[in-house]
Amino acid sequence: MSINTITLVGRVGGDPDVRYFDSGKVKCRVSLAVDRPTRDDRPDWFNLEMWGKTAEVAANYVRKGKLIGVTGYLKIDSWQDRNSGAQRSSPVIAVDNMRLLGSKRDDDANMASYGDEF
């Protein structure tokens, strides 16, 4: 038996990077800062990747500083560096579900409220 499930709640580090493909698919990438248990520590940063409807919702409603919750799984992206030819890799959270969190006041100040899970 294998389990690869991640649940995170944190604040978005920057506006989403959205890409639309000729095939009609949509991909969204965004960083997420998750606080550690003690206030003295810096947050942990995660790179999130979303596709389809979840990516569209993120593109329309998620902005820097927005509190979100996500579930998904860890994957490792690998590629060959164009300049050096070295093999590179980076951990990414492939998001299955996203929930917009935070207060109504936060939403009114920044964007429309959208609280469904995808």
Practice prompt. Using the Cα centre as the reference, give the magnitude of the dipole from point charges on the C-beta atoms of the chain (Lys, Arg: +1; Asp, Glu: -1; all else neutral), rounded to the nearest 20 debye.
Written response: 140
Item to complete: Sticking with the crude label model, points 7 Å out along Cα→Cβ, report the distance from Arg29 to Tyr73 in nm, one decimal please.
Response: 2.1
Item to complete: Compute the long axis of helix 52-61 from its Cα atoms, compare it with the longest principal axis of the Cα atoms of the chain, and write down the angle in degrees, 0 to 90, nearest 10.
Response: 50
Worksheet item: Using the Cβ atoms and a cut-off under 9 Å, what net charge is assigned to the surroundings of Glu49, where Lys and Arg are +1 and Asp and Glu are -1?
Response: +2
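Calculated from DSSP H runs of 4 or more alone, at -39500 (n - 2.57) each and per residue, what is the 222 nm mean residue ellipticity of the chain, nearest 500? All intermediate terms of the calculation are to be shown ahead of the outcome.
Numbers: 2 runs with 17 residues, N = 118.
Mean residue ellipticity at 222 nm (helix-derived): -4000 deg cm²/dmol.
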Worksheet item: In whole Å, what three semi-axes, largest first, describe the equivalent ellipsoid of the chain built from its Cα gyration tensor (square root of 5 times each eigenvalue)?
Response: 25, 19, 15
Discussion item. If packing is taken as the average number of other Cβ atoms within 10 Å across a peptide's residues, how do 14-21, 37-44, 92-99 rank, most packed first?
Written reply: 92-99, 14-21, 37-44
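Output the relative contact order of the chain, whole-number percent, from Cα pairs under 8 angstrom with separation of 6+ residues.
Values: 241 pairs, mean separation 30.0, N = 118.
It comes to 25 percent, rounded to a whole number.
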Item to complete: Work from the charge dipole of the chain (Cβ charges, +1 for Lys and Arg, -1 for Asp and Glu, about the Cα centre) and give the residue of Met50, Phe21, Val9 farthest towards its positive end.
Response: Phe21
Item to complete: Find how much the distance from Lys53 to Thr5 grows on full extension, using 0.36 nm per residue of separation minus their present alpha carbon separation; answer in nm with one decimal.
Response: 15.3 nm
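Would you mind ranking Ser31, Ser84 by Cβ crowding within 10 Å, fewest neighbours first?
Details: Ser31 16, Ser84 8.
Neighbour counts put them in this order, fewest first: Ser84, Ser31.
No lab work stands behind these numbers, since they all come straight from the coordinates. Not measured: the values here are computed from a predicted model. Note that each Cβ is placed from the backbone with ideal geometry, even for glycine, and that neighbours are counted across all protein chains shown.
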